[in-house]
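This report refers to the structure that appears directly beneath it.
The values are calculated or read from the model by the stated rules, or taken from the named source; none is laboratory data. Fair warning: this is a prediction, and the values are worked out from it, not measured in the lab. FYI the Cβ positions are ideal-geometry reconstructions off the backbone, even for glycines, and counts take in every protein chain you see. All accessible areas refer to the heavy atoms of the entire protein, side chains included, with ligands and DNA or RNA removed. Shrake-Rupley method; radii C 1.70, N 1.55, O 1.52, S 1.80 Å.
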Amino acid sequence: MNIAAQRVVSIHYEVKDEDGVVVDSSEGRDPLVYLHGNQNIIPGLEKALDGLAQGDAFDVQVTPEEAYGDVQDGLVQSVPMESFQGVEKVEEGMVFTAQTQGGPLQVTVTAIEGDTVTVDGNHPLAGKSLSFKGEVADIREATAEELEHGHVHQ
Ligand code: ZN
């Protein structure tokens, strides 16, 4: 069986950024399981995996456009400290869920100056080219329920 739309795919993988730093990996964990052709994973990786068979290795470079997108300046905002009600101490690196017009958005605190907090809603890997290396662990047909939901049930 080969990887195609509507099939459930398991992969072991390692992701490196442009500097060769490992940013994510399935090592020591269960493989990543996803429903192919449903945009459950980044487009560049999904495209590269298409047609591979169980046991096949992959090693692919993905541009930011095909990964987590470009950095959008509009997602970086300054907000007053008082908007963090209930938080004892706001610190750089903290992640919050902000309610936006487009729905909930994960933002990271990137700077604090006095009472002004800068938050960044870009994905931490936005604007980065990534390299994915790994192996296809398993491929199976999706169940009717999985297809209906557009994701894998485990
Ligand atoms: Zn479901």
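Per-residue answers, yes or no, for (1) away from the ligand (no atom under 16 Å from the Cβ); (2) in contact with a Ser or Thr (Cβ under 9 Å, 6 or more places away or on another chain); (3) at pLDDT 95 or above:
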| position | (1), (2), (3) |
| --- | --- |
| ALA126 | yes, no, no |
| LEU130 | yes, yes, yes |
| GLY134 | yes, yes, yes |
| GLU145 | no, no, yes |
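The residue that is farthest from TYR13 (Cα to Cα), counting only those in region 117-150 that are small (Gly, Ala, Ser) and surrounded by 14 or more Cβ atoms within 10 Å (Cβ to Cβ), is GLY121.
Considering region 32-53 alone, what residues qualify as being assigned to a loop (DSSP other than H, G, I, E, B) and open to solvent by less than 60 Å² (accessible area, probe 1.4 Å)? Listed by number, the residues that qualify are HIS36, GLY37, ASN38, ILE41, ILE42, GLY51, LEU52.
From the list GLU92, GLU141, the one residue that fits, being in contact (Cβ under 8 Å) with a residue 12 or more places away in the chain, over 25 Å from LYS16 (Cα atoms) and among the charged types (D, E, K, R), is GLU141. All of (1) more than 29 Å from VAL21 (Cα to Cα); (2) out of contact with any Ser or Thr (no Cβ under 7 Å at 6 or more places or on another chain) hold for GLY69 with one exception: (1).
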